[in-house]
Amino acid sequence: MNESYKIHLSEKEMPDAWYNILPELPTPLAPPLHPATGKPVTPDDLKPIFPDALIAQEMSSETWIEIPSEVKEIYKLWRPSPLHRARNLEKALGTPARIYYKNESVSPPGSHKPNTAVAQAYYNKKAGVKRLATETGAGQWGSALSFACKLFGIQCTVYMVKVSYYQKPYRRILMHVWDGEVYPSPTDRTNAGRAALAKNPDTKGSLGMAISEAVEDAATHEDTNYALGSVLNHVLLHQTVIGLEAQKQLALAEDKADIVLGCVGGGSNFGGIALPFARDKIKGKSNVELIGIEPASCPTLTKGQYRYDYGDTAGMTPLLLMHTLGHSFEPPGIHAGGLRYHGDAPVLCNLVHSGLITARAYTQNPVFEAALLFARTEGIVPAPETSHVIKGAIDEALKCKETGEEKCILFCFSGHGHFDLAAYDDYLEGKLVDYEYPEEKIAEALRDLPKFPTGI
């Protein structure tokens, strides 16, 4: 077995195609529904906000979709990303488990998000689009899309969830470095934003609100399209470079994953690392465990209902069959802003519903405790979102310590926490609150679910 701390691939070993799980799902994915008619969405319905190439990918029945050479050339700035063996963490835990993490923090914006941001900016540029409008939670997606748009000469407008806009000023500054314009959402720039402020002038905002604003912006400007950083099929498609590379790197290490984990907000980084492994599981070639980790304050997979719901607060987006806490759900202002979303990617929810993926939720303080252990052993300060999966990986490694099993644990290190040091300061000062969202609040939001259809 390879004894190195870090496993690299050459540029020539970068994947040539993204993996599309849609045609191989054991249960076909339920179609998105038009918010006005309740009928399945057609490609024409999506043309006001997406270019044809991304619409085709969203609904594709092709298993492999070629990565354009222009996209691969930009990927080479940081891809293939390294696979690390966390030997120091293993030693600190005293576990017989082998822990690997796929380090997506080496990208210029510091997270996995450019894997799809670059692709989306490329396809929009080819379609003649002048500006992209988007939302962002913690700012990882907003900074990634600003970066990608700058490379392709497109303007970028970002609606950043208000609580994160003020909690994470350096992510906002990073967007400005790449010429992105950023607004704390909800704003008075859109009908959706004005409605949210009228309902609650003191709202901290939510990803659902920010999505409403970005979609409205795109739909009301002919030169503007919408870009989404998670949830949709084409987004997870672009992220599969993570898992495809990781499979090659584990093979080089003469190892094979028994457990694959990722943190889950909308599902892009977890989908990116897990879907290639899910393929092996579906085909009977593997019995790998796939585990998504979410915050207890926004427990979509663990406490949400599997229902059709809007992707945004204002009800402007198509209805998606997914685990949801209700589109009116407004989570507390935890530091893991990228995980504060009421729904999850339909592809992942499909696999959770069929039993191929499991999920668990953690509160903030145990997550930051795990993050500090990781930083003090492996040397990298993780983002609050990433810290959730580190906690999950540590728990799996400690189970192996109890049982003596020498399992191989792989997780996606989705981003660094260099712009999140205020969160660490709050933790070290004992100011973080462990917040589990009350069941009655979830029930209240679920009462606002669309009356048609009920789902499965």
Q | Any chance residue 185 is within 26 Å of residue 222 (Cα to Cα), in contact with a Cys (Cβ under 6 Å, 6 or more places away or on another chain), of a type in the set (S, T, N, Q) and touching a residue at least 12 places away in the same chain (Cβ under 8 Å) | A | no
Q: Write out, first by first residue and then by second, each pair whose Cβ atoms fall under 9 Å of each other, whose residues are 6+ apart or on separate chains, and whose first residue, in region 5-32, is under 13 Å from residue 63 (Cβ atoms) while the second is exposed (fewer than 13 other Cβ atoms within 10 Å of the Cβ) and among the small types (Gly, Ala, Ser).
A: 20/61; 22/61; 23/61; 25/354
Q | Filtered residues of region 114-137 (kept if at pLDDT 95 or above and small (Gly, Ala, Ser)) | A | 117, 119, 121, 127, 128, 133
Q. Could you say whether any residue in region 302-322 is in a strand (DSSP E or B) and under 17 Å from the mean Cα position of the chain (by Cα)?
A. yes
(Q) For a quick check of your reading of the model, give me the residue pairs whose first member lies in region 83-95 and is over 16 Å from residue 372 (Cα atoms) and at pLDDT 95 or above, whose second is among the charged types (D, E, K, R) and not in a helix (DSSP H, G or I), with beta-carbon atoms closer than 6 Å and at least 6 apart or on different chains. (A) 83/102; 84/6
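Tally the residues that are touching a His at 6+ places or on another chain (Cβ under 8 Å) and either outside any loop (DSSP other than H, G, I, E, B) or farther than 25 Å from residue 341 by Cα (or both), restricting the search to region 103-117.
Residues of region 103-117 that are touching a His at 6+ places or on another chain (Cβ under 8 Å), as a first pass: 103-105, 110-111, 115-116.
Keeping just the survivors that are either outside any loop (DSSP other than H, G, I, E, B) or farther than 25 Å from residue 341 by Cα (or both) gives 103-105, 111, 115-116.
So the answer is 6.
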Q) What single numbered condition from (1) without any contact (Cβ under 8 Å) to a residue 60 or more places away in the chain; (2) surrounded by fewer than 24 Cβ atoms within 10 Å (Cβ to Cβ); (3) touching a Pro at 6+ places or on another chain (Cβ under 6 Å) fails to hold for residue 403? A) (3)
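Can you name every residue in region 228-270 that is of a type in the set (Gly, Ala, Ser) and surrounded by fewer than 24 Cβ atoms within 10 Å (Cβ to Cβ)?
Taking region 228-270 as the starting set, the residues that turn out to be of a type in the set (Gly, Ala, Ser) are 229-230, 243, 246, 251, 253, 257, 262, 265-268.
Matches in region 228-270: 251, 253.
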Q: Please indicate, with yes or no, whether at least one residue in region 27-42 is part of a strand (DSSP E or B), surrounded by 13 or more Cβ atoms within 10 Å (Cβ to Cβ) and touching a Lys or Arg at 6+ places or on another chain (Cβ under 9 Å).
A: yes
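Quick grid of which residues meet (1) within 17 Å of residue 46 (Cβ to Cβ); (2) hydrophobic (A, V, I, L, M, F, W, C); (3) touching a residue at least 40 places away in the same chain (Cβ under 8 Å):
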residue: 193; (1), (2), (3): no, no, no
residue: 202; (1), (2), (3): no, no, no
residue: 211; (1), (2), (3): yes, yes, yes
residue: 214; (1), (2), (3): yes, yes, yes
residue: 218; (1), (2), (3): yes, yes, yes
residue: 226; (1), (2), (3): yes, no, yes
residue: 234; (1), (2), (3): yes, no, yes
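Kindly evaluate residue 65 against the criterion of being part of a strand (DSSP E or B) and under 30 Å from residue 307 (Cα atoms).
Numbers: part of a strand (DSSP E or B): yes; under 30 Å from residue 307 (Cα atoms): yes.
When the stated conditions are applied, residue 65 passes them.
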Q. Which one is surrounded by the fewest Cβ atoms within 10 Å (Cβ to Cβ), of the residues in region 297-331 that are among the charged types (D, E, K, R) and touching a strand residue (DSSP E or B) at 6+ places or on another chain (Cβ under 7 Å)?
A. 307
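State yes or no: is residue 390 of a type in the set (A, V, I, L, M), modelled with pLDDT of 95 or more and assigned to a strand (DSSP E or B)? Talk me through it step by step, then tell me what you get.
Values: of a type in the set (A, V, I, L, M): yes; modelled with pLDDT of 95 or more: yes; assigned to a strand (DSSP E or B): no.
Taking the combined requirement at face value, the residue does not satisfy it.
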Q) If a residue has to be outside any helix (DSSP H, G or I) and surrounded by fewer than 14 Cβ atoms within 10 Å (Cβ to Cβ) to count, how many in region 182-202 make the cut? A) 4
Q. When residue 420 is evaluated against the numbered criteria (1) touching an Asp or Glu at 6+ places or on another chain (Cβ under 6 Å); (2) closer than 20 Å to residue 265 by Cβ, which criterion, by number, is the only one it fails?
A. (1)
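The values are calculated or read from the model by the stated rules, or taken from the named source; none is laboratory data. These numbers come from a predicted model, not from an experiment. Cβ atoms come from the backbone with ideal geometry, glycine included; neighbour counts cover every protein chain shown.
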